[in-house]
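So the structure is just underneath, and the comments pick up after that.
The values are calculated or read from the model by the stated rules, or taken from the named source; none is laboratory data. This one's a predicted model, so the numbers in the text were calculated from it and none came from an experiment. No Cβ is skipped: glycine too gets one built from the backbone with ideal geometry, and neighbour counts run over all protein chains shown. These area figures cover heavy atoms from the full protein model, side chains too; ligands, DNA and RNA do not enter into them. Shrake-Rupley method; radii C 1.70, N 1.55, O 1.52, S 1.80 Å.
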Amino acid sequence: MAGVKIFWDPQGFELDSLGDKRYLGPPADGDTPYVRVPIRMLSIDTPETNYPGVGKPSKSDERLAELAQWLQAGQAPVSDGLSQYLHPRLATGQAGSLQEQQGTAAKQAFQRFLDERLTRPRGAKRNVFLYAADEPFDQYGRLLAYMAPYYSSQELTTLNPQERATFNLLMVKSGWAAPLMIYPSLPRYQDLVMFQAAARDAVDSQR
């Protein structure tokens with residue numbers, strides 16, 4: 001039998017970590033267990049409903065109102081233009097609560113897209129297609145990916161790029177997400193153009 005060569009890094013190396021994840025089981029076979037992995041959809045950002053270690057944004061209403069006072073007094077290190085933009089939004093005393101409400105509405109919009117796009121004409125559920133980033137996981141162990149309904153090769157021939165849009169793009173088109181491109185996880189040129197056009201249309205249409 002031929003010898004097996006072992007490769008190693010004398011300096012040591014680190015593998016991408018997923019942290020602790022819930023085991024779902026049962027395994028398909030001896031080397032195929034199942035765990036639940038959260039996904040962070042690439043190139044978009046929606047209002048947060050919860051901050052790790054901090055909690056709900058509504059808990060920060062009072063502190064954000066205090067920040068508005070600092071802005072008005074010129075005590076915050078931001079430009080005049082940014083200060084003028086932020087002050088009326090923070091001075092309401094409900095800036096965190098509003099963000100939380102918008103985050104909840106964005107989550108509901110995403111759920112509607114899932115219900116619509118993942119349901120086949122006869123009611124059966126469609127799988128999802130995931131396209132992971134060059135750096136597949138973030139610091140919280142979430143898979144960084146573009147997510148879309150899974151279509152067969154035959155189905156794809158009947159759909160235009162808009163009809164087979166990712167959920168990432170749909171959230172931008174609906175006005176519930178802003179484009180957030182972070183290198184190196186950039187979409188292809190054609191997808192980048194669609195993201196920009198969708199965002200511009202959402203703003204122009206006041207969605």
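Here is how the numbers come out for the structure above:
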quantity	calculated
Residue that is most open to solvent (accessible area, probe 1.4 Å), among those in the stretch 72-126 that are touching a residue at least 40 places away in the same chain (Cβ under 8 Å) and polar (S, T, N, Q)	GLN102
Residue in the stretch 162-207 that is modelled with the lowest pLDDT, counting only those that are in a loop (DSSP other than H, G, I, E, B) and closer than 19 Å to LEU118 by Cβ	GLN162
Residue list for the stretch 117-138, filter: in a loop (DSSP other than H, G, I, E, B) and in contact with a strand residue (DSSP E or B) (Cβ under 9 Å, 6 or more places away or on another chain)	LEU118, ARG126, ASN127, ASP138
Selected residue [part of a loop (DSSP other than H, G, I, E, B), small (Gly, Ala, Ser) and either touching a Lys or Arg at 6+ places or on another chain (Cβ under 9 Å) or under 26 Å from PRO179 (Cβ atoms) (or both)] from GLY141, GLY53	GLY141
Filtered residues of the stretch 46-66 (kept if open to solvent by less than 60 Å² (accessible area, probe 1.4 Å) and either farther than 17 Å from TYR140 by Cα or in contact (Cβ under 8 Å) with a residue 40 or more places away in the chain (or both))	THR46, PRO47, THR49, PRO57, SER58, SER60, ASP61, LEU64, ALA65
Checklist (1) outside any helix (DSSP H, G or I); (2) closer than 17 Å to ILE39 by Cβ; (3) open to solvent by 30 Å² or more (accessible area, probe 1.4 Å) applied to TYR146, failing item	(3)
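Conditions tested, residue by residue: (1) at pLDDT 90 or above; (2) farther than 22 Å from PRO179 by Cα.
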| residue | (1), (2) |
| --- | --- |
| LEU18 | no, yes |
| ARG22 | no, yes |
| ALA28 | no, yes |
| TYR34 | no, yes |
| ILE39 | yes, no |
| GLU62 | yes, yes |
| GLN69 | yes, yes |
| GLN75 | yes, yes |
